[in-house]
Amino acid sequence: MIAYEDLKLVNASFETEFHKQFSDFLSKGWYILGNQVKEFETNFAEYNKAKNCIGVANGLDALILSLKSCNFKKGDEVIVPSNTYIATILAVLHCELTPVLLEPDMGTYNIDPSKIEEKITPRTKAMLIVHLYGKCCDMDPIMTIKKKHDLVLIEDCAQAHGAKYKGQIAGTFGEYGAFSFYPTKNLGALGDAGAVVCESEENAVVLRQLRNYGSERKYYNERIGYNSRLDELQAAFLNIKLQVLDTINEHKRKLAGLYLQHLKKDFILPVVNESFFDIYHIFNIRHPKRDELKAYLLKNEIGTEIHYPVPPHKQKAMGGINWGNQTFPISEEIHSTTLSLPCSYGHKEADVFKVIEVLNKF
């Protein structure tokens, strides 16, 4: 069986270092916001060529705290892609803001810059863009719109650790870059973890306060905050894996290249463009008989995933939101046809060639 993802296999090469770090962690007896968190924040900021990194509990909190630090008013509008994972929209709702859904580009699955301005109103305060599957959004037109309309730009980089657009790394275009280190990510922890990168020292101070009960100095609270701190032990594991993130990304790019080169044209494959350095957190294809294809692969002992089966506007949790007369046919088509193939750090080229062989017989 070729599993879609085997995290034990993915992390096997790090086990010796993990055990060593865990022993060190136990011996020091400092479990919250210690040196490992500080070291990871320094290292991850440096990796992203950013001035600041603030470790938080998870990727959703990274988005929520970024929005909270902006001091928007209740009901202010935030433009969000309509085909994102629901966490992006949940962050907007938790901050009592209004999500304005925008259809993606059918080729890249990222937000379509040509449609952004038609959604901007006097209440629009921010764009929350998502670098989906490990491909950066088309940033030049997005930055032009940001400047023209004086909008805050928050980047959801949960799937884009190390992805680049014209040489610039994801998360460094806007005011905030929000990251998740959920275990399946290219840079994955062994539990929940997240971070925000930003250039502004003032924003960094606010984020550090917000993640820790509104306090930077113990028992002195500057604002109404949260308990959303990057765990010291997860930071220790992330420090180990960050050293080989580029190697992980290159491995996944190599596997993706095999799919791109050898899969027959019956499948809709990811778009490749020299301006984009894709890191393939997810390697997705599309096919009109997606469910039949998924069952066929499983019968042939190949695991797959669907990212994601239900578009956000169709989720039960979103039933109370009035989307007006809007429809989202592009999102619905993507969600009904997309299929994610095995493409992890734990897979070998032989695994991918086997998947290709089976796929091409469908």
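We did not get these values from a lab; they are worked out from the coordinates using the rules stated. Everything numeric in this text was worked out from a predicted model, so none of it was measured. When we count neighbours, we look across all protein chains shown, and the Cβ atoms used for this are built from the backbone with ideal geometry, even at glycine.
Averaging sequence separations of C-alpha pairs under 8 Å and six or more residues apart, then dividing by the length of the chain, give the relative contact order as a whole percent. Before the final figure, lay out each step's value.
Numbers: 717 pairs, mean separation 81.0, N = 362.
With pairs under 8 Å counted, the relative contact order is 22 percent.
Once you order the gyration tensor axes a ≥ b ≥ c over the Cα atoms, which shape class does the stretch 49-137 get: rounded for a/c under 1.5, otherwise prolate or oblate by comparing a/b with b/c?
Numbers: a/c = 1.73, a/b = 1.13, b/c = 1.54.
Here the stretch 49-137 falls in the oblate category.
The distance linking the stretch 146-174 with the stretch 287-362 is 26 Å (Cα centroid to Cα centroid, whole angstrom). Each peptide among 148-154, 258-264, 123-129 gets the average number of other Cβ atoms lying within 10 Å of its residues, and from highest to lowest they stand as 123-129, 148-154, 258-264. Under 19 Å between alpha carbons, and skipping anything fewer than 8 positions from Lys289 in its own chain: which aspartates and glutamates qualify? Within the straight-line cut-off, Lys289 pairs with Asp266, Glu301, Glu305, Glu332, Glu333, Glu357. The H on the amide N of Val130, modeled in the peptide plane, is under 5 Å from the matching H of Ile111, Asp156, each at least 5 residues off or on a different chain. Size check on the stretch 245-359: the Cα extents along the three principal axes, sorted descending, read 48, 36, 25 Å.
Springs join every pair of Cα atoms under 10 Å in this Gaussian network model of the chain, and among Asp76, Asp24, Asp231 the largest mean-square fluctuation is at Asp24. Length gained on full extension, Gln261 to Leu298, computed as 0.36 nm times the residue gap minus the Cα-Cα distance: 11.0 nm. Expressed per residue, the C-alpha convex hull volume of the stretch 165-226 stands at 100 Å³. In straight-distance terms, cross-link reach from Lys20 covers every one of the lysines whose alpha-carbon lies under 29 Å from its own, apart from those fewer than eight places away in the same chain; here that gives Lys8, Lys28, Lys38, Lys49, Lys185, Lys241, Lys252, Lys348. Shape class for the stretch 125-249, computed from the alpha carbon gyration tensor (a ≥ b ≥ c): oblate, with a/c not under 1.5 and a/b at or below b/c. When the Gaussian network model of the chain links Cα atoms closer than 10 Å, the mean-square fluctuations of Thr121, Thr184, Thr108 top out at Thr121. In the stretch 280-305, whose amide N lies under 20 Å from the spot 7 Å out along Cα-to-Cβ of Leu9? List them in ranges. Under 20 Å, as judged by backbone N against the label point of Leu9, lie 280-285, 294-305 of the stretch 280-305.
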